[in-house]
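Below: the structure, in structure tokens.
The values are calculated or read from the model by the stated rules, or taken from the named source; none is laboratory data. Keep in mind the model is a prediction, meaning the values are calculated, not measured. All Cβ positions, glycine included, derive from the backbone under ideal geometry; neighbour counts span all protein chains shown.
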Amino acid sequence: MKCAILLAAASLVLCAQPALAQDFTITNATVAAGDGSEPVAGATVVVRNGRIASVGREIDPVRSGEIIDGTGMWVTPGIFASITTLGIVDVEAVSDSDDRGAGGSPFSAALDVSPVINPASQGIAVARTGGVTRASVMPIASASIFGGQGAIVDLGADFNAVTRPRAFQVVEMGERGGRLAGGSRTSAHALLRNALREAARYGDDARLTGNTRTGPTRTGDDVPLDPRMTGRAERDSDVLLSRFDAAALVPVVNGQQKLYVKVERAIDILSAIALREDFPKLDMVLVGATEGWMVAERIAAAGVPVITVALRDLPVSFEQMAATQSNVGRMVDAGVTVAIGGYDSRGDLPHGLPQQAGNMVAISRVPGATGLTWGEAFATITSVPARIAGLADTGVLEGGARGDLVLWDGDPLELDSAPVKVWIDGVEQPLGNHRTRLRDRYRDLDESDLPKGYDR
């Protein structure tokens with residue numbers, strides 16, 4: 001018993017330490033680069049020092065490191081899940097394990113998910129088993145229309161999950177934004193514009209007084225925290241934003257932090273885009289955009305990317321009356337940069353993203369519907385969401401890119417395919433989780449595997 005405890009403790013210590021990147025070569029595989037191109041059979045991928053060294057058919061494998069025969073298998077970049085709550089919720093029904101929203105908090109925009117992301121969460125392990133290697137972790141607006149600051153994470157089996165903290169700010173508009181703002185979309189728009197103006201003035205006051213900080217800092221530390229500040233956000237009469245919330249929105253107004261706007265209805269999409277007339281530096285991303293196909297040309301002209309859910313085709317609310325599974329294909333055809341983010345706006349089941357993308361390929365064969373080619377569909381869950389997140393070297397198999405790879409036993413967009421191996425930054429990852437352990441325990445009904453409570 002003592003030995004078992006020591007072994008378990010040793011395993012935990014090992015998992016807590018960053019593993020070294022491996023050199024390896026995968027040969028004779030079907031390779032999908034993730035850049036929108038179609039898969040190539042009989043190709044080779046070489047990984048050195050945690051990065052892709054070379055990809056192609058006419059490559060002589062370097063005889064160092066592990067050589068993996070990929071005959072009959074597929075190699076792809078890891079999946080990038082754009083809408084998730086990975087690591088900030090364990091069980092929705094247990095409030096103490098749920099850090100997605102903070103309805104009773106005095107803060108909103110200043111909330112930062114990065115310190116509380118739990119890399120040991122079973123949600124992360126399950127997603128990793130499904131081929132997800134990186135993700136955006138998005139808070140949920142609760143106390144106001146602002147949800148707070150999301151983070152980019154990798155799903156490696158260590159305690160260094162956060163790739164980029166405070167990567168974006170989340171704001172809820174549309175029907176739910178109206179409810180959070182007092183019962184109307186008009187109030188939500190007034191609140192958002194006022195907040196951005198207060199943040200702009202807060203930043204201006206900081207520059208005028210010279211009371212700014214430089215270097216690596218935590219949330220809001222790049223703007224003044226001196227209580228003697230006389231900026232508008234400091235006055236008692238300005239009750240809509242606390243000093244810290246105003247500070248958190250300064251990088252949004254300056255275009256240094258992305259603004260993820262959750263919106264569905266066509267006119268609400270256009271109203272969100274129109275914000276840039278008054279705040280031209282906004283680096284905006286639309287999240288949801290169920291009716292985006294109706295105004296796709298104007299979204300494309302504005303150069304605003306979209307993260308959406310692929311399989312919405314029911315009018316479940318008044319802001320989704322024009323829902324169609326052709327939404328993604330029509331926006332892509334219009335020139336919109338589109339990533340498929342999940343099953344719903346909460347980011348549930350990110351390991352199901354290949355199914356979403358696969359349906360886009362199938363829809364292209366339905367008369368009257370608009371879908372995607374295989375390459376386009378796979379890009380919506382790999383390179384496109386990575387670019388939207390600001391990681392140009394991720395989600396694609398090309399020289400110099402991150403060594404985030406998945407080896408599949410078949411076409412990854414088919415339901416009967418599954419990952420055989422997963423690497424993150426060139427480090428092979430474990431593919432077990434609580435679900436797989438339960439499956440293995442009970443699949444053969446061997447009573448010797450029963451937990452102690454069932455012993456006779």
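Filter segment 264-288 down to the residues that are of a type in the set (Val, Ile, Thr) and closer than 23 Å to Gly390 by Cα, then identify the one that is surrounded by the most Cβ atoms within 10 Å (Cβ to Cβ).
We begin by selecting, within segment 264-288, every residue of a type in the set (Val, Ile, Thr); these are 267, 269, 273, 285, 287.
Going one step further and asking which of them are closer than 23 Å to Gly390 by Cα, we end up with 269, 273, 285, 287.
Details: Ile269: 28, Ile273: 21, Val285: 22, Val287: 26.
Taking the candidates together, the pick is Ile269.
With (1) hydroxyl-bearing (Ser, Thr, Tyr); (2) assigned to a strand (DSSP E or B); (3) more than 16 Å from the chain's Cα centre (by Cα) as the list, and Ser37 as the residue in question, which single condition is left unmet?
(2)
Please go through segment 80-104 and pick out each residue that is within 24 Å of Arg164 (Cα to Cα) and either surrounded by fewer than 15 Cβ atoms within 10 Å (Cβ to Cβ) or aromatic (Phe, Trp, Tyr) (or both). So that I can check it myself, show each step before the final result.
Restricting attention to segment 80-104, the residues satisfying the condition of being within 24 Å of Arg164 (Cα to Cα) are 80-90, 97-102.
Within segment 80-104, Phe80, Ser97 qualify.
Name the one entry in Asp393, Asp411 that is surrounded by fewer than 24 Cβ atoms within 10 Å (Cβ to Cβ), out of contact with any Lys or Arg (no Cβ under 7 Å at 6 or more places or on another chain), among the charged types (D, E, K, R) and outside any helix (DSSP H, G or I).
Values: Asp393 fails: out of contact with any Lys or Arg (no Cβ under 7 Å at 6 or more places or on another chain).
So the residue among Asp393, Asp411 that is surrounded by fewer than 24 Cβ atoms within 10 Å (Cβ to Cβ), out of contact with any Lys or Arg (no Cβ under 7 Å at 6 or more places or on another chain), among the charged types (D, E, K, R) and outside any helix (DSSP H, G or I) is Asp411.
Would segment 334-349 turn up any residue that is more than 26 Å from Asp154 (Cα to Cα), part of a loop (DSSP other than H, G, I, E, B) and among the polar types (S, T, N, Q)? If you could, list the steps in order and put the result at the bottom.
Just the residues of segment 334-349 that are more than 26 Å from Asp154 (Cα to Cα), to begin with: 334-336.
With the extra rule that they be part of a loop (DSSP other than H, G, I, E, B), the set shrinks to 334-336.
Imposing the further condition that a residue be among the polar types (S, T, N, Q) reduces the set to none.
No, every residue in segment 334-349 fails to be more than 26 Å from Asp154 (Cα to Cα), part of a loop (DSSP other than H, G, I, E, B) and among the polar types (S, T, N, Q).
Could you give me the residue pairs with C-beta distances under 6 Å whose first residue belongs to segment 431-442 and is more than 17 Å from Val420 (Cβ to Cβ), whose second residue is modelled with pLDDT of 85 or more and part of a helix (DSSP H, G or I) wherever it lies, and which are 6+ apart or on separate chains?
Filtered contacts from segment 431-442: His434/Gln122.
Can you name the condition, by its number, that Gly432 falls short on among (1) under 23 Å from the mean Cα position of the chain (by Cα); (2) part of a loop (DSSP other than H, G, I, E, B); (3) modelled with pLDDT of 95 or more?
Status for Gly432: all satisfied but (3).
Across segment 19-54, what is the number of residues that are farther than 17 Å from Lys421 by Cα, aliphatic (A, V, I, L, M) and at pLDDT below 95?
1
I'm checking my understanding of the structure. Among residues of segment 289-321 that are among the small types (Gly, Ala, Ser) and at pLDDT below 95, which one is surrounded by the most Cβ atoms within 10 Å (Cβ to Cβ)? Step through it out loud before you land on a result.
Residues of segment 289-321 that are among the small types (Gly, Ala, Ser), as a first pass: 289, 292, 296, 300-303, 310, 317.
Filter once more, so that each one left must be at pLDDT below 95: 310, 317.
Details: Ala310: 27, Ser317: 14.
For segment 289-321, the residue satisfying everything is Ala310.
On the basis of being part of a loop (DSSP other than H, G, I, E, B), in the same structural domain as Met173 (by TED's automatic domain parsing) and on the phi > 0 side of the Ramachandran plot, does Gly148 make the cut?
Numbers: part of a loop (DSSP other than H, G, I, E, B): no; in the same structural domain as Met173 (by TED's automatic domain parsing): yes; on the phi > 0 side of the Ramachandran plot: yes.
Against the criterion (part of a loop (DSSP other than H, G, I, E, B), in the same structural domain as Met173 (by TED's automatic domain parsing) and on the phi > 0 side of the Ramachandran plot), Gly148 does not qualify.
For segment 61-98, enumerate the residues that are in contact with a helix residue (DSSP H, G or I) (Cβ under 7 Å, 6 or more places away or on another chain), touching a residue at least 40 places away in the same chain (Cβ under 8 Å) and in a loop (DSSP other than H, G, I, E, B).
Leu86, Gly87, Ile88 - these are the residues of segment 61-98 that are in contact with a helix residue (DSSP H, G or I) (Cβ under 7 Å, 6 or more places away or on another chain), touching a residue at least 40 places away in the same chain (Cβ under 8 Å) and in a loop (DSSP other than H, G, I, E, B).
Can you name every residue in segment 125-151 that is among the β-branched types (Val, Ile, Thr), surrounded by fewer than 24 Cβ atoms within 10 Å (Cβ to Cβ) and under 25 Å from Thr76 (Cβ atoms)? First the steps, then the outcome.
First pass over segment 125-151, keeping only residues among the β-branched types (Val, Ile, Thr): 126, 129, 132-133, 137, 140, 145.
So of that shortlist, the ones also surrounded by fewer than 24 Cβ atoms within 10 Å (Cβ to Cβ) come out as 126, 129, 140.
Result: Val126, Thr129.
For Ile68, state whether it is of a type outside the set (Lys, Arg), touching a strand residue (DSSP E or B) at 6+ places or on another chain (Cβ under 8 Å) and modelled with pLDDT of 85 or more.
Values: of a type outside the set (Lys, Arg): yes; touching a strand residue (DSSP E or B) at 6+ places or on another chain (Cβ under 8 Å): yes; modelled with pLDDT of 85 or more: yes.
Against the criterion (of a type outside the set (Lys, Arg), touching a strand residue (DSSP E or B) at 6+ places or on another chain (Cβ under 8 Å) and modelled with pLDDT of 85 or more), Ile68 qualifies.
Taking segment 137-157, which residues are among the small types (Gly, Ala, Ser) and over 24 Å from Ala195 (Cα atoms)?
Gly156, Ala157
In segment 112-140, what count of residues is obtained for those that are of a type in the set (Gly, Ala, Ser) and part of a strand (DSSP E or B)? Write out each step before concluding.
Step one: of segment 112-140, the residues of a type in the set (Gly, Ala, Ser) are 114, 120-121, 123, 125, 127, 130-131, 135-136.
When the remaining residues are screened for being part of a strand (DSSP E or B), the result is 135-136.
Summing the residues that are of a type in the set (Gly, Ala, Ser) and part of a strand (DSSP E or B) in segment 112-140 gives 2.
Please determine whether any residue of segment 334-342 is closer than 17 Å to Met173 by Cβ, in contact (Cβ under 8 Å) with a residue 40 or more places away in the chain and either in the same structural domain as Arg185 (by TED's automatic domain parsing) or not acidic (Asp, Glu) (or both).
Of the residues in segment 334-342, the ones closer than 17 Å to Met173 by Cβ are 341.
Still in the list and also in contact (Cβ under 8 Å) with a residue 40 or more places away in the chain: 341.
Of the ones still in play, those that are also either in the same structural domain as Arg185 (by TED's automatic domain parsing) or not acidic (Asp, Glu) (or both) are 341.
Checked against the condition, which is being closer than 17 Å to Met173 by Cβ, in contact (Cβ under 8 Å) with a residue 40 or more places away in the chain and either in the same structural domain as Arg185 (by TED's automatic domain parsing) or not acidic (Asp, Glu) (or both), segment 334-342 yields at least one hit.
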